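First up is the structure itself, then whatever we jot down about it.
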Amino acid sequence: MEPGEQALQRAISAISQSDPLIKLLEQVRMGRMQRSDAGLRAIAIAWLGTYQKVIEAGALSRQALRRLDPTPRLTVLIEEGMLPSDHHAVTALRSSFESALQRAAE
């Protein structure tokens, strides 16, 4: 496996390990957790921080970053009412992603 592919796989692994959408979103949809639950929000914010650190690590190509685009996940978190679109963690992740994309080489 090439170094770039290895970096991408490590990034995907790090993001996936703490991804709240898979399990927690199901709990919200089933009514077992409230969208406004402080614990749920803390988990989502921590996950966004992990996502941001992975993106800012700088070892990813533009193509790899495109595969890690946080936009779909952020959209789900926002549409489900788990985080507002103007939350500092959401805006920081978007900004970090755009900056990393601009700096990255193909």
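Please treat every number below as a calculation from the coordinates, not as lab data. Given the structure is predicted, the values throughout are model-derived calculations rather than measurements.
How high is the relative contact order of the chain? Use alpha-carbon pairs under 8 Å, at least six apart in sequence, and give a whole percent.
Worked out over the chain, it gives 34 percent.
Is it possible to state the helix-based mean residue ellipticity at 222 nm for the chain, with each DSSP H run of 4+ residues giving -39500 (n - 2.57), the sum divided by total residues, to the nearest 500 deg cm²/dmol? What is it?
For the chain, the value works out to -22000 deg cm²/dmol.
What's the angle, to the nearest 10 degrees (0 to 90), between helix 3-17's Cα axis and the longest principal axis of the chain?
10
Given the Cα-Cα distance of Ala14 and Arg103 and 0.36 nm per residue of separation, how much length would full extension add, in nm?
29.9 nm
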